[in-house]
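Nothing in this text is a laboratory measurement; each read-out follows from the coordinates by a stated rule. Since the model is a prediction, treat every value here as computed from it, not as a measurement. Neighbour counts run over all protein chains shown; Cβ positions are idealised from the backbone, glycine included.
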Amino acid sequence: MSPENEDKTMHARGAGGGLGNGSGVPTGVTGEKTDTFEDPASAAKAVAAASGPNYFFTLRSNLEPVSNKDTIGFEVPEGIRLHVNYVSENNQVFSEPEAYERSWGAGDGPEDFRPIRGRILSGGDWVLVQKNGVARFDARVTIETVDNVLIDAIFTGVVDLRDAVPSVRIAASNTLEGARKAATQMADDVYQKYLRAGPERRQLPVTLSARFEAAEQPYLRPGEDTAWIEKSRYARQRQNFWKYQRLVRGLFVAVGEVTLDDGPRWPPSSITLAIYELR
């Protein structure tokens, strides 16, 4: 997704770069504006916090599906199972300044998070493409920030592959049995197109749940000497972990798209995800 399109997408999701109603009024709140605050910065943060999902950062990476005898994935009873690696070179993890400011106003943002910059150190996605035309994502990614904090990200969810083949539609029917057969046929048509032809649309929208794991220092046995920590990489982790601890406390959703290459089984070539916190 180009920066221009990404910016438009974030504007469309509502005030503060979140997924609100776009009116500047917190979602689920009456249309009356709240009382003014003496501190404009505090007012901006209060409105953003009440607006629902808030933007935190964006992740972009090239993808490399693992081939099995020149074939993408391998057959299992449920469909096709494939392993996709996140390419460690030329990927990005960053808080987009304008989107971040729309969520948090001027300043650094919430007390337990600071704008992030870093890269994907390693990662993989174990995708199951089911015969009903639905793909199940199960990704594990390790993020390394520029100040040497390691954060594990877990992305899970389901993606409707019909979005890549919009020509496939459910046939109209006037009976329940006819509707059932039409829905079954539609799912099979999507799966057969996946197996035998390229996607009609190469950008596949995805929405995934996101969970983050990180710790200030390694877990220690009772009475264990901690002096060694200061001589290891955990010294930097312990020094800077506070900047990102909001990630391990919140509930997040990842919204973005996967770019597919042409050809059968639609090899994924890249992924872009914007991370929002659900409030």
Cβ-based net charge around GLN185, under 15 Å, with every Lys or Arg adding one and every Asp or Glu removing one: +3
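I need the trypsin sites (Lys or Arg not before Pro) found in region 212-266, filtered to DSSP loop residues with at most 11 other beta carbons within 10 Å of theirs.
Qualifying residues, ordered by number: ARG233, ARG249.
Using 0.36 nm times the number of residues separating ALA183 and ARG117, minus their current alpha carbon distance, what extension gain do you get?
19.3 nm
Quick check: convex hull over the Cα atoms of region 145-202, volume per residue in Å³, rounded to an integer? Kindly include the intermediate steps, with their values, before the conclusion.
Values: hull volume 7.8 nm³, N = 58.
Hull volume over Cα atoms, normalised by residue count, gives 135 Å³.
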How long is the gain from VAL66 to ALA235 if the chain were fully straight, where each residue apart is worth 0.36 nm and the alpha carbon distance is subtracted? 57.3 nm
Nearest 0.05, what FRET efficiency do GLU213 and HIS83 give at R0 = 22 Å with Cβ-Cβ as r? 0.55
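Roughly speaking, what % of Cα-Cα pairs in region 105-234 are separated by over 18 Å, rounded to a whole number?
Considering region 105-234, 70 percent of its Cα-Cα pairs are separated by more than 18 Å.
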Counting other C-beta atoms within 10 Å, which of PHE212, PHE57 has the fewest, and how do the rest follow? PHE212, PHE57
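Starting from 0.36 nm per residue, how many nanometres of slack lie between ASP261 and ILE154 once their C-alpha separation is accounted for?
36.1 nm
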Karplus couplings for region 111-120 from phi (6.51 cos²θ - 1.76 cosθ + 1.60, θ = phi - 60°), rounded to Hz, Gly and Pro as x? 5, 9, 8, 10, x, 9, 9, x, 8, 8
